[in-house]
1. Past the 18 angstrom mark, what percentage of all C-alpha to C-alpha distances in region 76-209 do you count?
2. For residue 134 and residue 268 in one chain, what is 0.36 nm times their gap in residues minus the Cα-Cα distance, to one decimal in nm?
3. Residue 210's amide H: which non-local residues (gap 5+, or another chain) put their own amide H closer than 5 Å, with H modeled 1.01 Å from N in plane and none for Pro or chain starts?
4. As a check on your grasp of the helix formula, calculate [θ] at 222 nm for the chain: sum -39500 (n - 2.57) over DSSP H runs of n ≥ 4, divide by the residue count, round to the nearest 500.
5. Rg and Dmax of region 63-153 over Cα atoms: what are they, in angstrom?
6. Mind listing the phi-derived Karplus ³J(HN,Hα) values for region 182-196, rounded to whole Hz, using 6.51, -1.76 and 1.60 with θ = phi - 60°, and x for any glycine or proline?
7. So what's the convex hull volume per residue for the Cα atoms of region 131-271, in Å³?
8. In terms of modelled amide H atoms, which long-range or inter-chain residues lie less than 5 Å from the amide H of residue 161?
Amino acid sequence: MQDNKKTEDSLRVLILGDIIGHPGMRALFTSLKGLKKEHKADFVVINGENAADGFGLLPNQVDEIFNYGADVITTGNHIWQKEEIYPTLDRVNNLLRPSNYPSGVPGHGDCVVEFRGIKLAVLNLQGRVRMSVNSECPFKQGLKDARRLRSITKNIVVDFHAEDVTEKEALAEYLDGKVSAVVGTHTHIQTADERILEGGTSYISDIGMTGPVNGIIGSDPESAIKRVIYSVPYKSQVLDEDAEIQGVLITIDSSTGRSTSIERIVYKSGQ
Ligand SMILES: [Fe+2]
Ligand SMILES: [Fe+2]
């Protein structure tokens, strides 16, 4: 679904998938500013949970990702793998971890950014189905967060970091009309089911990744195959090849908070 016209009330948000190690960071360094300009994006939101060699995110990478052109960094279950990031999660407003972790966990799950007088709220949630985490209910927490954020702005995008498509679609329907977009991350594989729900919430099950696409969800196949065959957690290595930048461009009517378009983005770095 495309709407490339930029009107005064329209807000264009580029939301990009999980950054996978050095290939993902390299692609952002060379291409993100150009991509932002090409798509006339007002904001860039990107999931950074795998930026540090596939596992977690380092404090210096947070600065780098913002310097490359991102406005907000979301994360997910892998954010806890580098403990150095914990104080940064508390300190940096535009760096999020899923909101529905139990209270007492470092960091916060939402933020509000502003450009040319228009505000955008970003909310990070995590699924509970096949995720091996004991987070709080994303439905109850998501509704509570969305209601609070709507008193600040109607423009709200949700990164729902989850494995299960049923849970993802259910959350999108549950929050339809209350947020502008629910986009899935975590599987690293972009789906082709983007659509706008009845209440004006745009949805896609997974936006994909900012990483090497010829491996196994970003990893070198050799170790990944052994992990699957033998059920032994052999260390997975990020596949060393040029990354694709995958995600979606969402257009929001900022007078209503409704999405007017959702378009999949696949950019091959080096093009
Ligand atoms: Fe990921
Ligand atoms: Fe994840």
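The numbers here are math on the coordinates, done by the rules we state, and not lab data. Only a predicted model underlies this, so the values are computations on that prediction, with no experimental measurement involved. Note that each Cβ is placed from the backbone with ideal geometry, even for glycine, and that neighbours are counted across all protein chains shown.
1. Within region 76-209, distances greater than 18 Å cover 52 percent of Cα pairs.
2. Extending this stretch completely gives an extra 44.6 nm.
3. Those lying under 5 Å, H to H, from residue 210 are 17, 18, 19, 20, 246.
4. Result for the chain: -7500 deg cm²/dmol, rounded to the nearest 500.
5. Over region 63-153's Cα set, Rg and Dmax evaluate to 13.6, 41 Å.
6. For region 182-196, the Karplus curve yields 10, 10, x, 9, 3, 7, 6, 10, 6, 9, 10, 10, 5, 6, 10 Hz.
7. 129
8. Excluding prolines and chain starts, which carry no amide H, the hits are 125, 126, 127, 185.
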